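The next block holds one structure in the form of structure tokens; read it before the comments.
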Amino acid sequence: MKTLSVLLKEFNGRGMDEKQLACEFEKIARSAIYGGHFRVNDDFDIYIREIEFYFHSENESESSIHDWAMYHRGTNVDYFPVGSLHPHRSGIDVTFERRGSYRASFLIREYQIGEDIIKSPSYLCEDLIGYTGCILGDGPRILWRDDPYDESMIVLKSARINVRAYDGDGNPLVDEQGNKQYDLRLWRFSKTE
């Protein structure tokens, strides 16, 4: 059983096709969903229930897979260390990218605190860091705690929610009637009940 930190460190998306990426994403998803939780300020736990993966090659000689919807891609944004939390307008990403090669992350779409299941990923910023005294207190203490899990646990696969489809140059696709086209890659993984 590999922990989430080990899977993120070992991930190497160079030269992978979409099928291979999806297989690796599924392993990471299983560990993120069943194999641990965030412990916040020694006060409460946050369990991940659903995630979406993003992968954008920045080196054409290694991969031509692009994810133009990814927020932190391009030369104007530095690479995040593996396992970083990246808050943005849609929620929080966990990153595992490689400098000069590719950007990779997963967005936490759904999570659970106690009996409450939160289906709005943008609320995670508040729940994870919003109630911490960083000016007069110690600051937020967010730790990932590994939990034992069965690697054969099932995660449901589906298309990401509201992620636009793009052509090879990064232009959004529309159909003949002018309707937005959506990315159909099965890069969303959910906990089974």
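The values are calculated or read from the model by the stated rules, or taken from the named source; none is laboratory data. Every value quoted in this text rests on a predicted model; they were computed, and no experiment measured them. Note that we place each Cβ from the backbone using ideal geometry, even for glycine, and neighbour counts take in every protein chain shown. Surface accessibility is based on the protein's heavy atoms, side chains included, excluding ligands, DNA and RNA. Shrake-Rupley method; radii C 1.70, N 1.55, O 1.52, S 1.80 Å.
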Pick out, from PRO140, TYR102, GLN181, the residue whose Cα sits farthest towards the positive end of the charge dipole of segment 55-193, with +1 on the Cβ of Lys and Arg and -1 on the Cβ of Asp and Glu. GLN181
Is there a pair in LYS9/LYS157; LYS119/LYS157; LYS2/LYS119; LYS157/LYS180; LYS9/LYS191 whose C-alpha atoms are over 25 Å apart, and which pairs would that be? LYS2/LYS119
With the crude spin-label approximation of a point 7 Å out along Cα→Cβ, what separation in nm comes out for GLU176 versus CYS23? 3.8
Just from its helices, what would the mean residue ellipticity at 222 nm be for the chain, if runs of 4 or more DSSP H residues each count -39500 (n - 2.57) and the sum is divided by every residue, rounded to the nearest 500 deg cm²/dmol? -4500 deg cm²/dmol
Carbon-plus-sulfur fraction of the accessible area of the chain, 1.4 Å probe, in percent? 49
Using the per-residue mean of other Cβ atoms lying within 10 Å as a proxy for protection, in what order, highest first, do the peptides 79-88, 145-154, 23-32, 168-177 fall? 23-32, 79-88, 145-154, 168-177
Neighbour net charge for VAL174 - beta-carbon separation under 13 angstrom, K R +1, D E -1: -1
The correct ranking of GLU97, GLU126 by accessible area at 1.4 Å, largest first, is GLU126, GLU97
Give the angle, between 0 and 90 degrees and rounded to the nearest 10, that separates the Cα long axis of helix 18-34 from the longest principal axis of the Cα atoms of the chain. 10
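Let me spell out the model: positive unit charges on the Cβ of Lys and Arg, negative unit charges on the Cβ of Asp and Glu, origin at the Cα centre of the chain. What dipole size does that give, in debye rounded to 20?
Numbers: 24 positive and 33 negative charges, 33 e Å.
Using only the charged Cβ atoms, the result is roughly 160 debye.
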Here are a few candidate values for Rg and Dmax of the Cα atoms in Å: [x] 15.4, 49; [y] 17.0, 57; [z] 24.3, 76. Which one was actually calculated from the structure I just gave you? [y]
Please give, to one decimal in nm, the separation of the simple spin-label points placed at LYS157 and SER122, each 7 Å out from Cα toward the Cβ. 3.1
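Tell me, in nm to one decimal, what length is gained between TYR166 and TYR149 on full extension, where the rule is 0.36 nm per residue of separation less the Cα-Cα distance? Please list the in-between numbers first.
Details: separation 17, 0.36 × 17 = 6.12 nm, distance 3.68 nm.
Length gained between TYR166 and TYR149: 2.4 nm.
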For PHE44 the rounded accessible area (nearest 10 Å², probe 1.4 Å, non-protein molecules ignored) is 50
